[in-house]
């Protein structure tokens with residue numbers, strides 16, 4: 001069985017590719033920088049400069065997209081965020097349409113930003129889309145993938161939360177200040193923080209490949225979201241450091257503008273469909289997840 005991945009050399013892809021190989025898949029990754037991708041991925045992964053070189057595939061996993069966090073969203077970067085997602089997805093759809101034998105399944109990336117900022121209400125996959133930039137971006141990204149259904153391809157929209165894992169991602173950026181005793185909640189800390197351990201996200205993706213009756217949106221989050229202040233406290237406990245230094249919302253807005261709203265506001269997202277179909281999380285709670293991550297990179 002062959003799987004084609006876009007964005008496969010990123011933080012998620014670097015864990016997903018070896019897991020797919022271990023599960024018996026033949027893995028191809030499309031990357032604009034083939035040399036850099038080849039350095040990050042196992043030798044058994046076939047790295048391609050463009051989709052047309054893939055030939056065909058039994059499954060497609062679409063993870064490509066410029067990062068949302070860490071940069072101010074000026075007009076130019078907003079356009080980069082859109083084009084990096086929509087153009088890659090549209091190219092995948094055109095490639096699939098050209099095939100005589102099409103993939104059985106497409107797992108296309110999305111994000112919990114789809115729901116927009118929210119209150120304490122738990123958000124399952126049936127919740128409506130929000131109306132801020134991140135929500136519209138996620139909704140448009142999903143809309144670009146949905147025409148695959150008309151091609152006979154089972155289409156899953158993976159709405160991913162904050163991915164926590166060793167050696168990269170959001171957590172890596174927090175470790176230095178927390179280890180120095182300078183960590184703490186963002187803003188008032190009351191906003192919800194919907195997260196997932198990278199190992200569970202990888203397991204979820206591989207599980208979804210085999211769920212022949214499941215399509216549409218799937219929340220890629222742990223079943224126990226926490227408030228931001230509780231995440232800060234959990235990380236402080238895991239590092240045996242205080243976590244009492246809040247980052248003021250005004251400072252984040254001054255540094256990052258509109259992007260800061262992602263950090264200051266949140267949403268309480270639950271993986272209703274995955275759990276309803278029997279998916280079991282290895283790391284459902286934040287303390288267990290952080291303990292395992294920090295132990296693995298000690």
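The values are calculated or read from the model by the stated rules, or taken from the named source; none is laboratory data. The shown structure was predicted, so the numbers you read here are calculated from the model rather than taken from an experiment. Positions of Cβ are generated from backbone atoms using ideal geometry, with glycine treated the same way; all protein chains shown enter the neighbour counts.
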**Fill in**
Here the residues within the stretch 175-227 that are assigned to a helix (DSSP H, G or I) and modelled with pLDDT under 95 are 175, 176, 177, 178, 179
**Message:** Please go through the stretch 45-96 and give me each residue that is at pLDDT 95 or above, more than 20 Å from residue 209 (Cα to Cα) and not in a helix (DSSP H, G or I), ordered by number.
**Reply:** 47, 48
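Here's the yes/no breakdown for (1) at pLDDT 95 or above; (2) under 28 Å from residue 157 (Cα atoms); (3) under 18 Å from the mean Cα position of the chain (by Cα):
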| site | (1), (2), (3) |
| --- | --- |
| 234 | yes, no, no |
| 240 | no, no, no |
| 244 | no, no, no |
| 248 | no, no, no |
| 255 | no, no, no |
| 264 | no, yes, no |
| 271 | yes, yes, yes |
| 274 | yes, yes, yes |
| 282 | yes, yes, yes |
**Request:** Consider residue 100 carefully, then state whether it is within 27 Å of residue 272 (Cβ to Cβ) and part of a loop (DSSP other than H, G, I, E, B).
**Result:** no
**Prompt:** What do you reckon, is residue 98 without any contact (Cβ under 8 Å) to a residue 12 or more places away in the chain and either farther than 20 Å from residue 196 by Cβ or surrounded by 13 or more Cβ atoms within 10 Å (Cβ to Cβ) (or both)?
**Reply:** yes
